[in-house]
1. Looking at Ile4 and the list (1) modelled with pLDDT of 70 or more; (2) open to solvent by less than 100 Å² (accessible area, probe 1.4 Å), which single condition is not satisfied?
2. Name, by its number, the condition in (1) open to solvent by less than 90 Å² (accessible area, probe 1.4 Å); (2) at pLDDT below 70 that does not hold for Arg50.
3. Check off (1) at pLDDT below 75; (2) among the polar types (S, T, N, Q); (3) surrounded by 10 or more Cβ atoms within 10 Å (Cβ to Cβ) for Thr40 and give me the number that stays unchecked.
4. Could you tell me whether Leu10 is surrounded by 10 or more Cβ atoms within 10 Å (Cβ to Cβ) and at pLDDT 90 or above?
Amino acid sequence: MEHIPTAAWLTDAAAAADKQGPGNLLRVVLVVMVIGVALTAWFLLRGYKRDD
């Protein structure tokens, strides 16, 4: 296995990230959706708490 210096590896990774297309947008949409679902569930389930 060939040794690749860290700087060269980071440069190659950054160059490859530009070619990935809509992956970043999809990732952001999924993260926002999961956070929104969690906050909505918390808000709705709050109303079922009973203070006896």
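The values are calculated or read from the model by the stated rules, or taken from the named source; none is laboratory data. Keep in mind that what you see is a predicted model, and the values were worked out from it rather than measured. Positions of Cβ are backbone-derived with ideal geometry, glycine not excepted, and every protein chain shown enters the neighbour counts. For accessibility, only protein heavy atoms count, side chains too; no ligands or nucleic acids. Shrake-Rupley method; radii C 1.70, N 1.55, O 1.52, S 1.80 Å.
1. Every listed condition holds for Ile4 apart from (1).
2. (1)
3. (1) is the only condition that Thr40 fails.
4. Working: surrounded by 10 or more Cβ atoms within 10 Å (Cβ to Cβ): yes; at pLDDT 90 or above: no.
No, not satisfied.
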